[in-house]
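Let me begin by presenting the structure, written as structure tokens, before commenting on it.
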Amino acid sequence: MIKVLKNFKRKDYLIILTCVLLMVSQVWLELKIPEFMNKVTTLVQTGSDNIGEIIVQGGFMLLCSIGSLITAIIIGYFAATLSASLSLKLRSKIFNKVESFGMEEMRKFSTSSLITRTTNDVTQIEMTIAMGLQMLIKAPIMAVWAVSKILNKSFEWSALTGVGVFILLATISTILIIVIPRFEKVQKLTDKVNGVTGENLNGIRVIHAFNAEKFQEGRFEEVNDDLTKTRLFNQRMFALMQPVMMFVNHSLSLGIYFIGALLISEAGMLDKITLFSDMVVFSSYGMQVIFSFLMLAMIFMIIPRAQISAKRINEVLEEEVSLKEGNFDGETSEKGTVEFKNVSFKYPDAEENIIENISFRANQGETVAFIGSTGSGKSTLINLVPRFYDVTEGEIFIDGVNVKDYKFEALNNKLGYIPQKAVLFKGTIQENVLYGDNGKERNEKDVLEAIKVAQAFDFVNDMEGGIAAEIAQGGSNVSGGQKQRLAISRAVARKPEIYIFDDSFSALDYKTDLNLRRELKKYTKNATNLIVAQRIGTIVNADKIVVLDKGKCVGIGTHKELLDTCEVYKEIALSQLSKEELENA
């Protein structure tokens, strides 16, 4: 929690100091009220007919109440401002930190957990600061000040108040010991509920298609019931506080008046008046003491929850990013070259390499394709170029410079990446095509040109608004093939040195695929193309084809060379095309 509070700035500490001073004033005003009450009681008891003096003392009580109200409003405003400001900073820091995460960190923190930490956990911190700033500072001040006011009144009354405080503290401690371990469980179960809900929304079409609604309902009910039961248990434990509080409160009032009655009955006439006034004042101060400890109890109940949230937030903020940025962002003598030197890779915590000892070179203007059976490591290999992961062994060079030496921005500016699963963002088509920044000026003409190259012009032109047409979140209002073509348009509009196509033509029909590759070849003749593909037809004209089998390179060459020299490639080719088609390819 302390690490989270370090996000406060100097002006925030000034606000806290102002709140402390205001709270001291508020407590002073509230504790002055019983003193005026004592004077009013004495005036009434002595039979004084000075109504004016009684009204004056009552007026002072009213002024103290109004002053306490005004300071409480100001403190509440400052507390809300401070807590909202802190939550703003925390959400921004978490978001920015997650943006720096590589695939390894994303595997460690699930998407649902990161969403919970950015929303629910930050809200817990915000609520604790808003309430804690008011109660955590006010309660001790009021408790100590009120106790100092009653210590010299009566040992019996003081002892009774002490017993009430002890009962409260014992109850609070018992509840916290039982409930605190379940706070972390609540946050983890919230992660699970978010995860199942996210899967349900993302996979809604599959769920409907396979009549799996009841299965999904069962999955959700299981995690939701666990979360509900845990939260109900916590709330029921906390619910014990209310009856205990009321019992202590009323018992203390009854006890004070009962002891007061005994003391008054045994006192002389003059002492009776003093004792009665003291009893009224002590009752007020005793309630202030109990109220102070109740405020502390509420803080003690929310602080453990906030500490767990703060711990989860700090886990994200303190996570060491595995991908370290280099320092190079200058010009290179080479352009558009990609070279793998004895590259091997295995996923974190895996025992065996996914790809092993891969070496090849792609020169500017060349098209290098990667093909192999499912699970052979094609996408893994190509994802090492933009440094989604770092190689386990070997080196990768872009334009003669090791990818680890590049600044991320400089490396990404050289690449045009089209992922296996096309991703679109909410906004217009133009905004999606011009998405990101690669240090180059781009305009509407570049958008239209990129859309034409990607064979997307016809369906974009048919949409209402053309390139100004809105794309729904996740691209849910366009088809899979249309999403792929818009994703290709986005890469083309960047005009990069190197294009990376990670099985980016799979959703296209053969005719569109052929036309798109033909236009791409014209448009990207000075750029290097790295293509992962399943179709032989997509890569048949590649300058170099790398054949992978179980993570190892089993052949490199042109289509015709590999038909003669690589049995794995020949098997793949014959599974898709006849001998005659292969000969004429």
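The values are calculated or read from the model by the stated rules, or taken from the named source; none is laboratory data. What you see is a predicted model; the values in this text were computed from it and never measured. Ideal geometry is used to build each Cβ from the backbone, glycine not excepted, and the neighbour counts take in all protein chains shown.
Among the residues making up the range 414-435, those that are in a strand (DSSP E or B) and either within 24 Å of the chain's Cα centre (by Cα) or crowded, with 18+ Cβ neighbours inside 10 Å (or both) are LEU415, GLY416, TYR417, ILE418, GLY427.
Here ALA450 fulfils each of the conditions (1) touching a residue at least 12 places away in the same chain (Cβ under 8 Å); (2) more than 18 Å from ILE500 (Cβ to Cβ) apart from (2). Quick check, is LEU411 crowded, with 21+ Cβ neighbours inside 10 Å and part of a loop (DSSP other than H, G, I, E, B)? So LEU411 does not fit the description; no.
Determine which single condition THR528 fails, assuming it passes every other condition in (1) hydroxyl-bearing (Ser, Thr, Tyr); (2) crowded, with 22+ Cβ neighbours inside 10 Å; (3) in contact with a helix residue (DSSP H, G or I) (Cβ under 7 Å, 6 or more places away or on another chain). Here THR528 clears every test but (3). Screening VAL147, VAL186, VAL193 for residues that are in contact with a Phe, Trp or Tyr (Cβ under 9 Å, 6 or more places away or on another chain), in the same structural domain as LEU31 (by TED's automatic domain parsing) and closer than 22 Å to SER87 by Cβ leaves exactly one candidate, VAL193. Checked across the range 280-290, the condition of being of a type outside the set (S, T, N, Q), in contact with an Asp or Glu (Cβ under 9 Å, 6 or more places away or on another chain) and either farther than 30 Å from ASN413 by Cβ or outside the structural domain of PRO140 (by TED's automatic domain parsing) (or both) holds for at least one residue.
Scanning the range 92-105 for residues being out of contact with any helix residue (DSSP H, G or I) (no Cβ under 7 Å at 6 or more places or on another chain), among the hydrophobic types (A, V, I, L, M, F, W, C) and within 20 Å of LYS311 (Cβ to Cβ) gives a total of 1.
At least 1 residues being aromatic (Phe, Trp, Tyr) is the threshold, and among the strands (runs of 3 or more DSSP E) wholly inside the range 466-555 those reaching it are 498-502.
Among the residues of the range 225-235, is there at least one that is surrounded by 15 or more Cβ atoms within 10 Å (Cβ to Cβ), more than 23 Å from the chain's Cα centre (by Cα), within 30 Å of VAL163 (Cα to Cα) and in contact (Cβ under 8 Å) with a residue 60 or more places away in the chain? Scanning the range 225-235, I find no residue that is surrounded by 15 or more Cβ atoms within 10 Å (Cβ to Cβ), more than 23 Å from the chain's Cα centre (by Cα), within 30 Å of VAL163 (Cα to Cα) and in contact (Cβ under 8 Å) with a residue 60 or more places away in the chain, so the answer is no. Residues in the range 386-401 that are touching a residue at least 60 places away in the same chain (Cβ under 8 Å) and assigned to a strand (DSSP E or B) were compared, and the one that is surrounded by the fewest Cβ atoms within 10 Å (Cβ to Cβ) is PHE397. Within the range 250-272, is there a residue that is touching a Pro at 6+ places or on another chain (Cβ under 6 Å) and crowded, with 18+ Cβ neighbours inside 10 Å? Within the range 250-272 (the criterion being touching a Pro at 6+ places or on another chain (Cβ under 6 Å) and crowded, with 18+ Cβ neighbours inside 10 Å), the answer is no, since none of the residues qualifies. Selection of the range 364-385 for residues being over 18 Å from ASN412 (Cα atoms) and surrounded by fewer than 19 Cβ atoms within 10 Å (Cβ to Cβ) yields GLY365, GLU366, SER373, THR374, GLY375. Suppose the filter is closer than 25 Å to GLY286 by Cβ, in contact (Cβ under 8 Å) with a residue 40 or more places away in the chain and in contact with a helix residue (DSSP H, G or I) (Cβ under 9 Å, 6 or more places away or on another chain); does LEU189 pass it? Criteria not met by LEU189.
Any residue that is hydroxyl-bearing (Ser, Thr, Tyr), surrounded by fewer than 17 Cβ atoms within 10 Å (Cβ to Cβ) and either under 31 Å from the mean Cα position of the chain (by Cα) or in the same structural domain as GLU409 (by TED's automatic domain parsing) (or both) - is there at least one of those in the range 475-497?
Within the range 475-497, one or more residues are hydroxyl-bearing (Ser, Thr, Tyr), surrounded by fewer than 17 Cβ atoms within 10 Å (Cβ to Cβ) and either under 31 Å from the mean Cα position of the chain (by Cα) or in the same structural domain as GLU409 (by TED's automatic domain parsing) (or both).
For the range 349-361, the tally of residues that are more than 37 Å from the chain's Cα centre (by Cα) and either surrounded by fewer than 22 Cβ atoms within 10 Å (Cβ to Cβ) or of a type in the set (Phe, Trp, Tyr) (or both) stands at 4.
Within the range 55-69, being free of Cβ contacts under 8 Å to residues at least 40 places away in the same chain and either buried (at least 16 other Cβ atoms within 10 Å of the Cβ) or not polar (S, T, N, Q) (or both) holds for ILE55, VAL56, GLN57, GLY58, GLY59, PHE60, MET61, LEU62, LEU63, CYS64, ILE66, LEU69. Among the conditions (1) on the phi < 0 side of the Ramachandran plot; (2) modelled with pLDDT of 85 or more, LEU516 misses just one, which is (2). Looking only at residues of the range 317-340 that are surrounded by 15 or more Cβ atoms within 10 Å (Cβ to Cβ) and of a type in the set (A, V, I, L, M), we find that the one that is nearest to THR528 (Cα to Cα) is VAL338.
The set of residues in the range 300-336 that are among the charged types (D, E, K, R) and either more than 30 Å from LYS525 (Cα to Cα) or assigned by TED's automatic domain parsing to the domain that holds LEU133 (or both) comprises ARG305, LYS311, ARG312, GLU315, GLU318, GLU319, GLU320, LYS324, GLU325.
THR374 meets all of the listed conditions (1) at pLDDT below 85; (2) in contact with a Phe, Trp or Tyr (Cβ under 7 Å, 6 or more places away or on another chain) but one, namely (2).
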